[in-house]
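Input: a single structure, listed below in structure tokens.
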Amino acid sequence: MTERHRQSGATLELIEGWQVAVRYPHPPDRTSNALVDLSHVPTFEINGPETSAALISMCGGDVSLRKIHSSDGRHVYRLAPVRAIVFGKLSPGNGTIDVTGGWTSIALAGPDAERILNKVTAVDLRERTLPVQACCQGPIFGVNTLFGRFADRFELHVCSDSAEFFWDVLMDAGAEFGLRPAGIDVMKGLG
């Protein structure tokens with residue numbers, strides 16, 4: 001994604017070893033639709049029978065299935081009784097495996113985020129089906145996607161080899177809604 005951001009005029013900065021698109025020349029305003037590359041966010045996986053114990057230690061309590069626990073600058077997605085994914089900084093241990101390079105994370109924010117996603121997936125993303133702080137998995141144009149819903153955005157997580165295709169699909173779907181790429185500086189105003 002680095003070259004894609006560079007070609008689009010983004011200002012890139014080195015953050016913890018990653019070239020990160022910090023800002024774009026014509027960023028969307030706070031009331032517009034924005035697409036933000038979060039691939040630099042550390043990502044960890046927890047697998048196995050000790051998943052609940054690891055989550056209790058990390059979060060102060062277990063995390064329900066298909067829910068997201070947010071605290072200390074990280075989001076814990078509980079996918080199955082024996083599997084969770086953690087997006088954000090984490091101390092080594094607790095049975096976690098660093099899988100940062102295998103994931104691409106993208107935030108889709110704005111008033112039309114759900115409508116944009118409805119154009120590219122059959123996953124039911126209505127808030128009554130996928131409430132705030134909930135997660136699910138499903139395809140976007142054949143790419144297995146982990147969806148996370150937050151009050152002000154969706155976070156979408158895919159395998160890194162699908163990143164550019166995934167970005168293009170979302171930008172194309174969002175064109176009619178004025179979707180624009182944005183740097184991580186836009187995330188400061190989001191929860």
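Listed values, structure above:
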quantity: Selection status of Ile85, modelled with pLDDT of 95 or more, closer than 24 Å to Met187 by Cα and either not in a helix (DSSP H, G or I) or not hydrophobic (A, V, I, L, M, F, W, C) (or both); calculated: yes
quantity: Residue that is surrounded by the most Cβ atoms within 10 Å (Cβ to Cβ) [pool: residues in the range 152-185 that are touching a residue at least 24 places away in the same chain (Cβ under 8 Å) and either assigned by TED's automatic domain parsing to the domain that holds Ser70 or charged (D, E, K, R) (or both)]; calculated: Glu155
quantity: In the range 19-51, the residues that are part of a loop (DSSP other than H, G, I, E, B), of a type in the set (S, T, N, Q) and at pLDDT below 95; calculated: Thr31, Ser32, Ser39
quantity: Leading residue by the ranking (surrounded by the most Cβ atoms within 10 Å (Cβ to Cβ)) among those in the range 6-64 that are closer than 30 Å to Ile116 by Cβ and without any contact (Cβ under 8 Å) to a residue 12 or more places away in the chain; calculated: Leu12
quantity: Top-ranked residue of the range 1-18 - restricted to ones that are of a type in the set (D, E, K, R) and over 14 Å from Pro181 (Cβ atoms), ranked as modelled with the highest pLDDT; calculated: Glu13
quantity: Enumerated strands (runs of 3 or more DSSP E) restricted to the range 109-186, each holding at least 3 residues that are under 26 Å from Val22 (Cα atoms) and of a type outside the set (Val, Ile, Thr); calculated: 143-150, 153-159, 180-182
quantity: Residues of the range 68-88 satisfying the condition of being out of contact with any Gly (no Cβ under 6 Å at 6 or more places or on another chain) and exposed (fewer than 15 other Cβ atoms within 10 Å of the Cβ); calculated: Ser71, Asp72, Ala80, Pro81, Arg83
quantity: Out of Leu65, Leu35, Leu108, Leu55, sole residue that is of a type outside the set (Asp, Glu), in contact with an Asp or Glu (Cβ under 9 Å, 6 or more places away or on another chain) and closer than 22 Å to Thr145 by Cα; calculated: Leu108
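The values are calculated or read from the model by the stated rules, or taken from the named source; none is laboratory data. Being a predicted model, the structure only gives us computed values, none of them experimental. All Cβ positions, glycine included, derive from the backbone under ideal geometry; neighbour counts span all protein chains shown.
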